[in-house]
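Novice: This is the structure, below, for whatever I ask next.
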């Protein structure tokens with residue numbers, strides 16, 4: 001299976017929104033606020049939301065199989081010189097039918113290579129809910145370490161979720 005990873009643009013906005021809707025249904029305990037922003041943008045405003053991301057320090061990478069978007073991963077950086085050394089990974093999601101196809105590894109390796117090429121970035125970090133044990137195992141397998149846990153960091157579906165903070169040097 002040939003998977004290609006590229007930066008998404010507003011031309012991918014409807015495919016991206018469809019994927020984000022599926023991800024939110026499957027994982028409502030997802031940590032990042034950007035997914036909520038995207039869902040609220042809807043079909044009418046998702047393209048302009050994606051266009052605005054670059055100016056805000058956010059890049060979304062998509063994995064494509066035969067021109068079909070099958071997975072995504074996003075990175076965000078604060079534009080302040082005090083924080084430009086850190087990139088936050090968020091929104092990683094792969095359609096179920098592609099999870100056994102190494103798409104997750106391709107996406108995380110792509111972001112790690114992006115960080116290595118971007119000499120300002122020294123650290124990649126992310127947040128993952130404690131209940132998302134497959135994701136925690138995946139990130140550990142790819143070199144991330146847990147450096148803290150925030151109790152009751154997220155409230156969804158009438159329950160609190162603790163959030164692990166994980167990082168890797170770029």
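Novice: Classify the chain as rounded, prolate or oblate from the Cα gyration tensor: take a ≥ b ≥ c as the square roots of its eigenvalues, call it rounded if a/c is under 1.5, otherwise prolate when a/b beats b/c and oblate if not.
Specialist: Details: a/c = 1.21, a/b = 1.10, b/c = 1.11.
Rounded is the answer for the chain, as its axis ratio a/c remains below 1.5.
Novice: Here's something else I'd like to know. Just the ratio, please: alpha-carbon radius of gyration of region 75-122 over 2.2 N^0.38 Å, N its number of residues. Mind showing how you got there, number by number?
Specialist: Values: Rg = 13.0 Å, N = 48, 2.2 N^0.38 = 9.6 Å.
Here the answer is 1.36, to two decimals.
Novice: Binning every alpha carbon pair distance of region 114-170 at 5 Å from zero, what are the percents per bin?
Specialist: Percent of pairs per bin, in order: 5, 19, 25, 19, 15, 10, 5, 2, 1.
Novice: If you don't mind, another one. Just from its helices, what would the mean residue ellipticity at 222 nm be for the chain, if runs of 4 or more DSSP H residues each count -39500 (n - 2.57) and the sum is divided by every residue, rounded to the nearest 500 deg cm²/dmol?
Specialist: Roughly -12000 deg cm²/dmol at 222 nm, from the helical runs in the chain.
Novice: For region 25-88, what class follows from the C-alpha gyration tensor (a ≥ b ≥ c being the square roots of its eigenvalues): rounded when a/c is under 1.5, otherwise prolate if a/b is larger than b/c, else oblate? Before the final figure, lay out the partial values.
Specialist: Numbers: a/c = 1.55, a/b = 1.44, b/c = 1.08.
Prolate is the answer for region 25-88, as a/c is 1.5 or above and a/b outweighs b/c.
Novice: Out of every Cα-Cα pair in region 55-139, what percent are more than 19 Å apart?
Specialist: Numbers: 1454 of 3570 pairs.
Result for the distance tail: 41 percent.
Novice: Something else: Running a GNM on the chain with Cα contacts under 10 Å, which residue among 76, 65, 13 ends up with the highest mean-square fluctuation?
Specialist: 65
Novice: What is the distance in Å between the Cα centres of region 140-154 and region 38-104?
Specialist: Taking the Cα centre of region 38-104 as reference, the centre of region 140-154 is 20 Å away.
Just so you know, all these numbers are worked out from the coordinates, no wet-lab data involved. Because the structure is a prediction, the values reported are computed rather than measured.
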